[in-house]
Amino acid sequence: MLKYFSLAKIAKLRNGIFSFAQFEFETLYDAWERFKDLLRRCLHHGLPLWLQLQTFYNAAGGTQNNKTPEAAQEFIEKMALNNY
């Protein structure tokens, strides 16, 4: 991966994931799609699913309510599609 991504670029991409925030007036759907795009840009981010979802939940002002990472991801997908 270092051949295509310098350590500085990887750090910048990961920082974009960790500092993600939902924009004012941005729909849940748009925020979720934008967050997933950040993850796709850095496929080697090494962040477990639970941390990815916790980051998004924090950005969207929600809590996981004791859901498994898979159930939380499915819940966000359904909410985003309903919001779209």
Checklist entry - Taking region 20-43 on its own, how many of its residues are of a type outside the set (A, V, I, L, M) and within 10 Å of the chain's Cα centre (by Cα)? => result 8
Checklist entry - Under 6 Å by Cβ, and 6 or more places apart or on different chains, what pairs join a residue from region 24-49 that is more than 14 Å from ALA80 (Cβ to Cβ) with one that is surrounded by fewer than 17 Cβ atoms within 10 Å (Cβ to Cβ)? => result LEU38/GLY16; HIS44/MET1; HIS45/ARG14; LEU49/PRO69
Item to check | Filtered residues of region 64-78 (kept if modelled with pLDDT under 85 and in contact with a helix residue (DSSP H, G or I) (Cβ under 6 Å, 6 or more places away or on another chain)) | outcome: GLN64, ALA72
Next on the checklist: I'd like to verify a number: residues in region 1-39 that are in contact with an Asp or Glu (Cβ under 9 Å, 6 or more places away or on another chain) and either within 16 Å of LEU53 (Cβ to Cβ) or among the basic types (Lys, Arg) (or both), how many?
Outcome noted: 3
Checklist outcome for this item: Within region 1-42, restricting to residues that are modelled with pLDDT of 90 or more, part of a helix (DSSP H, G or I) and hydrophobic (A, V, I, L, M, F, W, C), the one that is farthest from ILE76 (Cα to Cα) is LEU13
Item to check | Residues located in region 50-84, provided they are without any contact (Cβ under 8 Å) to a residue 24 or more places away in the chain, surrounded by 12 or more Cβ atoms within 10 Å (Cβ to Cβ) and among the hydroxyl-bearing types (Ser, Thr, Tyr) | outcome: TYR57, THR68
Checklist entry - Any idea which of (1) modelled with pLDDT of 90 or more; (2) surrounded by 15 or more Cβ atoms within 10 Å (Cβ to Cβ) is the one HIS45 doesn't satisfy? => result (1)
Checklist entry - of a type in the set (Gly, Ala, Ser), within 14 Å of the chain's Cα centre (by Cα) and on the phi < 0 side of the Ramachandran plot: does that describe GLY46? => result no
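The values are calculated or read from the model by the stated rules, or taken from the named source; none is laboratory data. If you're wondering where the values come from, they're calculated on a predicted model, not measured in any experiment. A quick note on method: Cβ atoms are made from the backbone with ideal geometry, for glycine too, and the neighbour counts reach across all protein chains shown.
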